[in-house]
Amino acid sequence: MEVLALARFRIVGSGSHLIDEILVRHPKLQLKEVYELPNDLPAPIKYHRQPLPGRLRVAAVGPLVPLKNQRFILDLLSAADTMSIELTIFGIGPEEANLNRIIDHHNMRDSTSIAGWVPGKDIWEKVDLLLAPSLHEG
């Protein structure tokens, strides 16, 4: 069934690794239309580190715009025990002032920060869990 579906439709992957995985499963498949939306994530991402005691380091990465929905994470964390979670929001954009207001309103400065734009290679070693609350991306 997968081969029939793939042969008839356009495939848009978020990185070449998705297309590679499909072709490994179906080596004779000739894809009609294939597009890649690069996401700057190396595949697979492998960092061998020991779990550290303390806070879980979570992050959201991307432009600070309403569709990326970083506000959702802040709303969740404002109602949670943030003593065990450290949130870093990586990115810049027009929502930065609003996000900072929410952080200040809920007194979350000790557990939440907005780091601005940072190269991808400098992010992943600092993160245990990537959060992707986007309203328009899967």
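Here are the numbers:
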read-out	value
Model label zone, LEU76; criterion: amide N under 11 Å from point 7 Å along Cα-to-beta-carbon; scope region 104-138	130-134
Per-residue SASA entry for VAL65, accessible area with 1.4 Å probe, Å² rounded to 10	40 Å²
Relative contact order of region 65-138, defined on C-alpha pairs under 8 angstrom at six or more residues apart (%)	47 percent
Sites ALA115 and LEU56, calculated FRET efficiency, Cβ-Cβ separation with R0 22 Å, nearest 0.05	0.85
Heavy atoms of GLU125: accessible area, 1.4 Å probe, square angstrom to 10	120 Å²
Accessible area (Å², 1.4 Å probe, nearest 10) - LEU67	90 Å²
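The values are calculated or read from the model by the stated rules, or taken from the named source; none is laboratory data. Just so it is clear, the structure is predicted and the values come from calculations on it, not from any experiment. Note that we place each Cβ from the backbone using ideal geometry, even for glycine, and neighbour counts take in every protein chain shown. All accessible areas refer to the heavy atoms of the entire protein, side chains included, with ligands and DNA or RNA removed. Shrake-Rupley method; radii C 1.70, N 1.55, O 1.52, S 1.80 Å.
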